[in-house]
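Trainee: Submitted below is the structure of interest, expressed as structure tokens.
The values are calculated or read from the model by the stated rules, or taken from the named source; none is laboratory data. All values derive from a computational prediction rather than experimental measurement. Note: ideal-geometry Cβ built from the backbone for every residue, glycine included; neighbour counts use all protein chains shown. Accessible surface is based on the protein model in full, side chains and every heavy atom, while ligands, DNA and RNA are left aside. Shrake-Rupley method; radii C 1.70, N 1.55, O 1.52, S 1.80 Å.
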Amino acid sequence: MKLYDSRPVEIRVTRNEKVHEFIRRLQENRVKVKELEYLDDEVRFEISKRDVAAVRKLRKKYHLKVKIRYLQESKIFQKTGWTIVGLALMVMIPIICSQFVWDVDVEAETPELEAKVEKVIKEKIKLNQPLLKRRLVSDHEIRQTIMEEIRDLSWVHIIKKGSSITIVPQLSPITEIKKNKSDRLYHLIAAKSGVITHFNITSGERRVMPNMTVYQGDVLVSGVIQVGEEEYLAVGAKGEVFADYWLETSFEIPRKVQFISATESKWTIGFKNNGEKGKEQSLQEVKLPKWISNYIEVKKTQNYISTVQELSEQHIDSFILPLLHEKILQSLPPKTRIKKENILHVTFDDDKVKGKVLFLVNENIAKEYPIDQGD
């Protein structure tokens, strides 16, 4: 399809004996002449911009003085085929680009942890950019894969915004458990029922295998090793045995909660405010010479915005579940992970949010049990 530019152009031709022939030849070339006006010194008329080339060609042939003025040069959207194509691309390109994930970012507490998570994303999950959103695996699968590969994590937050994904891994709380040293030897028994997932033992003999269901009181790792048929060697069992089990919890929180969010940090240069404190928090400050630091300060600041919101169903995944995770992890032993959750029911009253959630917990269920002297 041939594209035409129909913007009006004003043509002024100095009058002489060749003007009539000039206009006649334009009409023979199918140039539409409008607003034709004969003045004392010139002939004035309008054509479309697509016909300017024909005017210039004939002007040279007849040696005429021609002035060309574009009447709609400042118009943003011209009535042309290229404008239609441009508008179509302007609409289609954002729609097409929005179907892809262009950026996957990892925000971790340490560079080492960030590198580990990025390696898992690249090798195991294969979140290569750009990636079609319909081919993107579920949040649960991303979280599960990362937590299986990095067992020091208690939870993985996945934040999706537009065509970008931010992954925030959360380390398990570290607590120091001091035990009195003893010469006694122990078995490792199950403190609670569950399904065995993996071991981390330094001594002893396994009595159960992964994917096996055990019950409270079962021997997991024996501290007595059989040598041959009748001889036994008491070495004591030491280590950890992890198992999955379901934990049901009830919750009740206020319907209205206060959110505190941080804005992007920025560098500011200004006069020093002695004794005045604003809403900005200083993150970093540049040391200036003493003679100027009394008056000018250069620092990196960040604002914190406080808002009160009323919880609804859309806050279940973004606020309620992470809050319950934090609460439960504080009451469980170190290295405990929450692998999955099932919401049993949630009710929203005028001033309270109540409900029950079933968590799949992976925990070290091994407990020391003394070896009898007869063993």
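Trainee: Calculate, for Asp105 and Lys367, the FRET efficiency according to 1/(1 + (r/R0)^6) with r their C-beta to C-beta distance and R0 41 Å; round to the nearest 0.05.
Mentor: After rounding, the FRET efficiency stands at 0.50.
Trainee: Let me ask you something else. In what sequence, highest mean first, do 341-353, 358-370 appear when ranked by Cβ atoms within 10 angstrom?
Mentor: Working: 341-353: 12.3, 358-370: 18.9.
Most protected by this proxy first, the peptides run 358-370, 341-353.
Trainee: What FRET efficiency comes out for the pair Asp40/His63, r = Cβ-Cβ distance, R0 = 35 Å, nearest 0.05?
Mentor: Between Asp40 and His63 the formula returns 0.95.
Trainee: Mind giving me the nanometre distance, one decimal, between the label points for Asn294 and Tyr70, set 7 Å out from Cα along Cα→Cβ?
Mentor: Label-label distance for Asn294 and Tyr70, simple model: 6.1 nm.
Trainee: Between region 311-342 and region 105-177, what's the alpha-carbon centroid distance in Å?
Mentor: Cα centroid of region 311-342 versus Cα centroid of region 105-177: 17 Å apart.
Trainee: In whole Hz and in residue order, list the ³J(HN,Hα) couplings for region 35-52 that follow from phi through the Karplus curve 6.51 cos²θ - 1.76 cosθ + 1.60, θ = phi - 60°; x for Gly and Pro.
Mentor: Result, rounded to whole Hz: 6, 6, 9, 9, 10, 5, 9, 8, 10, 10, 7, 10, 9, 8, 4, 5, 9, 4.
Trainee: Accessible area of region 55-151 with a 1.4 Å probe: how many percent of it is carbon plus sulfur?
Mentor: Percent of accessible area from carbon and sulfur atoms in region 55-151: 57.
Trainee: At Val346 and Ser312, where each label point lies 7 Å from the Cα along Cα→Cβ, what is the point-to-point distance in nanometres?
Mentor: Output for this residue pair reads 1.3 nm.
Trainee: Sort 88-100, 321-333 by the packing proxy (mean of other Cβ within 10 Å over each peptide's residues), most packed first.
Mentor: Descending mean neighbour count gives 321-333, 88-100.
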